[in-house]
Amino acid sequence: MKREKSDTRDLVILGLVAAVAGFVVGIVGGYFRKLLFEADDLRLSFLTWAQNWSGPGWVLPIIVVVVCVVLARLIVLAVPRVSGSGIQDVEAVFKGEIPATSWEVLPAKFVGGALAIGSGLALGREGPTVHLGAAIGSEAGRRFRLNDQDVRLLQTALGGAGLGVAFNAPLGGALFVFEEVAKTIRLRLGLATLIGTSTAIAASRMILGDRPDFIVGQIGTPAGWTLAVFLAFGVVTGIAGAWYNRLIMFFLRLSDRIQRVPPLAQAAVIGVVVGVLLWFDPLVATGGGDRLTQDLLGGGIALASVTAYFLVRFFLGPLSYAGQTPGGLFSPLLAVGALWGAMLHGLGGHFLSGPGTGVAAFAIVGMSTLFAAIVRAPLTGIVLIVEMTATTTLVVPMLAAAFGAVITTSLMRNEPIYDSLGRRMMASFSPLGKHEK
């Protein structure tokens, strides 16, 4: 009986700490996301001013992007754990492979992520927000003198809360913890995740409001015969996802091999590429690509432009990630997935008719399916996109397409991206948990 009471008391304490930490995650993550929104507007205003400048205006975005990217890379050199997404870091902590995140990750990831994503790199806000949540969770566990196991558990749970805040998707954030990070559901982890995510979302909505990420018109439920179409769509998307994974790892390996080029110089070169693209078309290299995706879902982009955007962003996301500044992969790959779906619809959509077979439907299914192919967490991807678009009529096509994508990438023996990134990260850690390079 005493043992049962003690376990219940510990569970209550864990839940209270998760609730408090979740509230902090919502505030920090909410302001991080708001800052990126303001950076988007400021970047577009600056580009308009530069194009009307009497001098060589094309130089200005290059200078600004390079400066921001180099500063972000300097932060990574000072605090190596904030490099890249941060999701692989959270997964390694949960497995006990590396120590729990320390407090300095919080300001470094916040500032570094704002500089890299805000300047226009094709990186996502979710990776930094997950890492911010994890840092807050682990620090809360230490401050309340919880044991090491519960500190790791809180880091995992609050990382999921961070993902929920990044996309205003509480169910997706919680499912991300169970399907991708822990790959299991246990009582303590489940309760901490649920309470942490709910308080985080409640807090972030005080800052950002409550609306889906993308405004989508009404989409009807597709007929049963279209499942074969979406299954085939999933197969070809699986092939595209496997190549996207390989491209990410190729650019990272290339960065490692050219050691004669200093990290800051490599980051500056990527900044130049992004600055040039911004000058010609801000939609191409605008952070995670939300504006581009929204325009696409609204039917405001022609097929020729969709194809061009797809080709550019298919390479730009992995190239931006190779700069090893703080920034995630989810948002850019969702934009690529939407472009992919719209492009395939443009090539063969005239053979389809009926509800749920329009360009917006294929763009939405493309987002969840490419996510399933790359991350190998199909349910998380489906729930995220449902919450981000407030569209439920495409769940069955999403399931069929995700099946085709995951089977295809598995047959191609393509490793899930965070497994690959995790192995790469662990190779740079010493036994004391410090980066060696």
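Is it true that some residue in region 40-57 is at pLDDT 95 or above, over 15 Å from THR199 (Cα atoms) and buried (at least 16 other Cβ atoms within 10 Å of the Cβ)? Reasoning before the result, please.
Start the filter on region 40-57 by keeping residues that are at pLDDT 95 or above, which leaves none.
Scanning region 40-57 turns up no residue that is at pLDDT 95 or above, over 15 Å from THR199 (Cα atoms) and buried (at least 16 other Cβ atoms within 10 Å of the Cβ).
Within region 73-104, the set of residues being in a helix (DSSP H, G or I) and over 18 Å from the mean Cα position of the chain (by Cα) comprises ARG73, LEU74, ILE75, VAL76, LEU77, ALA78, PRO80, VAL93, PHE94. Across region 244-283, the number of residues qualifying as in contact (Cβ under 8 Å) with a residue 24 or more places away in the chain, over 30 Å from GLY57 (Cα atoms) and β-branched (Val, Ile, Thr) comes to 1. Scanning region 7-41 for residues that are hydrophobic (A, V, I, L, M, F, W, C), free of Cβ contacts under 8 Å to residues at least 40 places away in the same chain and under 17 Å from GLY287 (Cα atoms) gives a single hit, PHE37. Taking (1) crowded, with 18+ Cβ neighbours inside 10 Å; (2) within 23 Å of the chain's Cα centre (by Cα); (3) over 19 Å from VAL76 (Cα atoms); (4) not polar (S, T, N, Q) in turn, PHE230 satisfies each apart from (2). Just one of (1) farther than 25 Å from VAL111 by Cβ; (2) without any contact (Cβ under 8 Å) to a residue 12 or more places away in the chain trips up GLY238, so point out which. For GLY238, the exception is condition (2). Contact map, region 170-184: first residue without any contact (Cβ under 8 Å) to a residue 40 or more places away in the chain and surrounded by 21 or more Cβ atoms within 10 Å (Cβ to Cβ), second residue of a type in the set (D, E, K, R) and not in a loop (DSSP other than H, G, I, E, B), Cβ cut-off under 9 Å, separation 6 or more or different chains; the map is empty.
Could you check, for region 272-288, whether at least one of its residues is closer than 29 Å to THR409 by Cα, buried (at least 18 other Cβ atoms within 10 Å of the Cβ), of a type in the set (Ser, Thr, Tyr) and over 19 Å from the mean Cα position of the chain (by Cα)?
At the first step, the residues of region 272-288 found to be closer than 29 Å to THR409 by Cα are 284-288.
Add one more test, that the residue is buried (at least 18 other Cβ atoms within 10 Å of the Cβ), and what stays is 284-288.
Remaining after also requiring of a type in the set (Ser, Thr, Tyr): 286.
Now restrict to residues that are over 19 Å from the mean Cα position of the chain (by Cα): none.
No, because not a single residue in region 272-288 is closer than 29 Å to THR409 by Cα, buried (at least 18 other Cβ atoms within 10 Å of the Cβ), of a type in the set (Ser, Thr, Tyr) and over 19 Å from the mean Cα position of the chain (by Cα).
Annotation note: Cβ proximity below 9 Å between a residue of region 193-213 that is closer than 12 Å to GLY30 by Cα and a residue that is in a loop (DSSP other than H, G, I, E, B) (sequence gap 6+ or interchain) occurs for ILE201/ASN168; ILE201/ALA169; ILE201/ASP210; SER204/ASN168; ARG205/ASN168; LEU208/ASN168; GLY209/ASN168; ASP210/ASN168.
Just a yes or no: is a residue in region 130-137 of a type in the set (A, V, I, L, M, F, W, C) and over 20 Å from ILE27 (Cβ atoms)? Write out each step before concluding.
Applying the first criterion (of a type in the set (A, V, I, L, M, F, W, C)) to region 130-137 yields 130, 132, 134-136.
Then keep just the ones that are over 20 Å from ILE27 (Cβ atoms); that gives none.
No, region 130-137 contains no residue that is of a type in the set (A, V, I, L, M, F, W, C) and over 20 Å from ILE27 (Cβ atoms).
Applying the selection to region 48-62, what residues are of a type outside the set (Phe, Trp, Tyr), part of a helix (DSSP H, G or I) and more than 15 Å from LEU121 (Cβ to Cβ)? Hits for region 48-62 are THR48, ALA50, GLN51, VAL59, LEU60.
Against the definition (assigned to a helix (DSSP H, G or I) and under 17 Å from the mean Cα position of the chain (by Cα)), how does THR237 come out, yes or no?
On the way: assigned to a helix (DSSP H, G or I): yes; under 17 Å from the mean Cα position of the chain (by Cα): no.
For THR237, the condition - assigned to a helix (DSSP H, G or I) and under 17 Å from the mean Cα position of the chain (by Cα) - is not met.
Checked against the criterion of being surrounded by fewer than 24 Cβ atoms within 10 Å (Cβ to Cβ), of a type in the set (A, V, I, L, M, F, W, C) and in contact (Cβ under 8 Å) with a residue 12 or more places away in the chain, region 121-139 has no qualifying residue.
Among the residues of region 263-284, some residue qualifies, meaning at least one is out of contact with any strand residue (DSSP E or B) (no Cβ under 9 Å at 6 or more places or on another chain), among the acidic types (Asp, Glu) and in a loop (DSSP other than H, G, I, E, B).
The values are calculated or read from the model by the stated rules, or taken from the named source; none is laboratory data. All values reported here derive from a predicted model rather than from experimental measurement. For neighbour counting, all protein chains shown are included, and Cβ atoms are generated from backbone atoms with ideal geometry for every residue, glycine included.
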